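Computed from the coordinates by the stated procedures, all read-outs in this text should not be read as laboratory data. Small disclaimer: the values here were computed from a predicted structure and weren't measured.
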């Protein structure tokens, strides 16, 4: 019985999850408005992988730049050490994002 109850709960959440997926996908399209996808593959990748990558990125960088991690690096409010530790991570992310964008436009 528990298995059916879990599947039934999942099925009842499915429409809400689909709407949430479309809302996040729509927000991503608005964010990329000047450079909208040009091919069907680019649209598919944006709709299929855009929301999970966006949510993962928000969660990862929220975790990485949390107050807990900041306090463990330095107890001061403004710390050059924290900036110097975060900068390479952000630069790698921007470089990878640019590279993937460049690959998809080819």
(message) Can you tell me the length gained on complete extension of the stretch residue 30 to residue 80, counting 0.36 nm per residue apart and subtracting the Cα distance?
(response) 14.6 nm
(request) Report, to the nearest 10°, how far helix 2-31 tilts away from the longest principal axis of the Cα atoms in the chain, using its own Cα long axis and a range of 0 to 90°. (result) 60
(request) Treating the angle as unsigned and between 0 and 90°, give the value, to the nearest 10°, between the Cα long axis of helix 80-105 and the longest Cα principal axis of the chain. (result) 40
(request) Put one equal scatterer on each alpha carbon of region 2-105, apply the Debye formula with no solvent term, and list log10 I(q)/I(0) at q = 0.15, 0.21, 0.23, 0.24 1/Å to two decimals. (result) -0.84, -1.09, -1.20, -1.26
